[in-house]
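First the structure, in the form of structure tokens, and then the observations on it.
The values are calculated or read from the model by the stated rules, or taken from the named source; none is laboratory data. What you are looking at is a predicted structure, and each value in this text was computed from that prediction instead of being measured. In this analysis, Cβ positions are derived from the backbone assuming ideal geometry, glycine residues included, and neighbour counts consider all displayed protein chains.
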Amino acid sequence: MRRRDFLKTTAVGAAGLSLVGLPFSADAAQQIKLTILHTNDQHSRIDPFPDDGRLYGGMGGMARRASLIEEVRKQEPNVLLLDSGDIWQGTPYFNFFNGELEYKLMSQMKYDASTLGNHDFDNGLKGLENKLPNATFPFIIANYDFSKTILKNRFQPYKIFEKQGVRVGVFGLGIELEGLVSKNNFGETVYQDPVQVAKEMVQELRQNQKCQLIICLSHLGYEYKDEKIDDIKLAQQVEGIDLILGGHTHTFLDEPEVVRHVSGHETLVNQVGWSGIFLGRIDFLFNRKSKEKKGISTALVPVDNPVLTS
């Protein structure tokens, strides 16, 4: 099963960021609300697209996104800001600064974590190593083995965040680099089977680390017609992931897709296009005592509001 009726709120303006009509109880004392904000495939888009009549003209821009994020944080006490890779490549900013500016701006926005995309290897392992000090947030990747490279021990497979007692486990998965990235750029980095690694991550995070919510930052791609692993297949084959935040295919989803594993476990799969045109938002509600999920709401936030950027 891959479909379910979801409440979708498209937020426009500061007032729109307060999601209305949520299927949440008014008894806030018994609830914990967790807000996930996410991006993917930013591709060095620092400025908005030129407002010249093109598709998405006038949209995007890191300053606007920062204002939106700041507004959400003012309203919500428990926010995680995540990214699904391909931060680099696509504008002259990358050609001139080699990724330094992107990392610094994301750090200013206080990203909590990102995973690695294929374009994050465009300056090779040494280029990536050189720019990592500019990022105050961790890069999380579970299925790349860097043990034979200069990046050994520089990345972690997962990270746990705790918000009012709710433990959130976040792990990362990257796409196969062979044939997509020059061998000179990824060197002896070893790609490991995402499905097997994801099963191991779920076991570790659910059983050993006692996480109530498991999030996968994926740069595998949304869905392919062939047998290549993607986010939909991952959700179908791996039980226990609650949310897959995807990248690579630049897929615009108005709302998350629900994929049901044969066990009955349901996984949300989401992706918000590319270049920071939209900011994804997913709100989870937990019972304060049991920490069980009690409600979900989603919003696709366009990054084009002049009120928040003036």
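Checking the structure you have, find out if any residue of region 183-196 is among the β-branched types (Val, Ile, Thr), closer than 15 Å to Phe146 by Cβ and out of contact with any Lys or Arg (no Cβ under 7 Å at 6 or more places or on another chain). Talk me through it step by step, then tell me what you get.
Looking only at region 183-196, we keep the residues that are among the β-branched types (Val, Ile, Thr), and these are 189-190, 195.
Add one more test, that the residue is closer than 15 Å to Phe146 by Cβ, and what stays is 189-190.
Restricting the remaining residues to those that are out of contact with any Lys or Arg (no Cβ under 7 Å at 6 or more places or on another chain) gives 189-190.
Yes, that holds for at least one residue.
Residues are listed down the side, and each one gets a yes or a no for (1) part of a loop (DSSP other than H, G, I, E, B); (2) over 27 Å from Leu220 (Cα atoms):
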site: Asp47; (1), (2): yes, no
site: Gly53; (1), (2): yes, yes
site: Gly57; (1), (2): yes, yes
site: Ile69; (1), (2): no, no
site: Pro77; (1), (2): yes, yes
site: Leu82; (1), (2): no, no
site: Gly90; (1), (2): yes, no
site: Tyr103; (1), (2): no, no
site: Asp120; (1), (2): no, no
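Pick from region 135-156 the residues that are touching a helix residue (DSSP H, G or I) at 6+ places or on another chain (Cβ under 7 Å) and surrounded by 17 or more Cβ atoms within 10 Å (Cβ to Cβ): which of them is farthest from Asp83 (Cα to Cα)?
Among those that are touching a helix residue (DSSP H, G or I) at 6+ places or on another chain (Cβ under 7 Å) and surrounded by 17 or more Cβ atoms within 10 Å (Cβ to Cβ), it is Thr149.
Among the residues in region 294-309, are any within 15 Å of Asp41 (Cβ to Cβ) and crowded, with 23+ Cβ neighbours inside 10 Å?
For region 294-309, residues within 15 Å of Asp41 (Cβ to Cβ) and crowded, with 23+ Cβ neighbours inside 10 Å: present.
Can you give me the number of residues within region 48-77 that are hydroxyl-bearing (Ser, Thr, Tyr) and under 21 Å from Gly90 (Cβ atoms)?
The initial filter retains those residues of region 48-77 that are hydroxyl-bearing (Ser, Thr, Tyr), namely 56, 67.
Going one step further and asking which of them are under 21 Å from Gly90 (Cβ atoms), we end up with 56.
Total satisfying the criteria: 1.
Does Val168 qualify as being more than 23 Å from Phe286 (Cβ to Cβ) and either in contact with a Ser or Thr (Cβ under 6 Å, 6 or more places away or on another chain) or hydrophobic (A, V, I, L, M, F, W, C) (or both)? Don't jump to the end; show me each part of the working.
Numbers: more than 23 Å from Phe286 (Cβ to Cβ): no; either in contact with a Ser or Thr (Cβ under 6 Å, 6 or more places away or on another chain) or hydrophobic (A, V, I, L, M, F, W, C) (or both): yes.
Considered against the rule, which asks whether it is more than 23 Å from Phe286 (Cβ to Cβ) and either in contact with a Ser or Thr (Cβ under 6 Å, 6 or more places away or on another chain) or hydrophobic (A, V, I, L, M, F, W, C) (or both), Val168 comes out as no.
Based on this model, can you work out whether Leu132 counts as buried (at least 17 other Cβ atoms within 10 Å of the Cβ), in contact (Cβ under 8 Å) with a residue 12 or more places away in the chain, of a type outside the set (Asp, Glu) and in contact with a Phe, Trp or Tyr (Cβ under 8 Å, 6 or more places away or on another chain)? Full working, then the answer.
Working: buried (at least 17 other Cβ atoms within 10 Å of the Cβ): no; in contact (Cβ under 8 Å) with a residue 12 or more places away in the chain: yes; of a type outside the set (Asp, Glu): yes; in contact with a Phe, Trp or Tyr (Cβ under 8 Å, 6 or more places away or on another chain): yes.
Judged against the criteria, Leu132 is not a match.
Please go through region 86-102 and give me each residue that is surrounded by 22 or more Cβ atoms within 10 Å (Cβ to Cβ) and in contact with a helix residue (DSSP H, G or I) (Cβ under 6 Å, 6 or more places away or on another chain), ordered by number. Walk me through it before giving the result.
Narrowing region 86-102 to residues surrounded by 22 or more Cβ atoms within 10 Å (Cβ to Cβ): 86-88, 94, 99, 102.
Across region 86-102, the qualifying residues are Asp86, Ile87, Trp88, Gly99.
If I ask for residues that are in contact with an Asp or Glu (Cβ under 7 Å, 6 or more places away or on another chain), in a loop (DSSP other than H, G, I, E, B) and not basic (Lys, Arg), which ones from region 144-175 would you list?
Within region 144-175, Thr149, Ile150, Leu151 meet the criteria.
In region 176-272, which helices (runs of 4 or more DSSP H) lie fully inside it and hold 2 or more residues that are buried (at least 23 other Cβ atoms within 10 Å of the Cβ) and either charged (D, E, K, R) or within 20 Å of the chain's Cα centre (by Cα) (or both)? Break it down into steps so the answer makes sense when it comes.
On the way: elements: 183-186, 194-202, 231-237.
Once the helices (runs of 4 or more DSSP H) in region 176-272 are filtered for at least 2 residues that are buried (at least 23 other Cβ atoms within 10 Å of the Cβ) and either charged (D, E, K, R) or within 20 Å of the chain's Cα centre (by Cα) (or both), what remains is 194-202, 231-237.
Confirm whether Leu82 is surrounded by fewer than 18 Cβ atoms within 10 Å (Cβ to Cβ), hydrophobic (A, V, I, L, M, F, W, C) and either on the phi > 0 side of the Ramachandran plot or touching a residue at least 12 places away in the same chain (Cβ under 8 Å) (or both). Lay out the reasoning, then the answer.
On the way: surrounded by fewer than 18 Cβ atoms within 10 Å (Cβ to Cβ): no; hydrophobic (A, V, I, L, M, F, W, C): yes; either on the phi > 0 side of the Ramachandran plot or touching a residue at least 12 places away in the same chain (Cβ under 8 Å) (or both): yes.
No, not satisfied.
For region 182-198, name all the residues that are in contact with a helix residue (DSSP H, G or I) (Cβ under 6 Å, 6 or more places away or on another chain) and farther than 19 Å from Gly221 by Cα.
Within region 182-198, Asn185, Phe186, Gly187 qualify.
Would you confirm whether any residue within region 287-299 is at pLDDT 95 or above and among the hydrophobic types (A, V, I, L, M, F, W, C)?
No, that holds for no residue.
Among the residues of region 200-243, write down those that are β-branched (Val, Ile, Thr) and farther than 16 Å from Lys159 by Cβ.
Initially, region 200-243 is screened for residues β-branched (Val, Ile, Thr), giving 202, 214-215, 229, 232, 238, 241.
If the condition is that a residue be β-branched (Val, Ile, Thr) and farther than 16 Å from Lys159 by Cβ, then Ile229, Ile232, Val238 are the ones that fit.
Out of Phe186, Phe252, report the one residue that is hydrophobic (A, V, I, L, M, F, W, C) and closer than 17 Å to Thr39 by Cβ. Even if it seems obvious, please write down each step before you answer.
Details: Phe186 fails: closer than 17 Å to Thr39 by Cβ.
From the options Phe186, Phe252, the qualifying one is Phe252.
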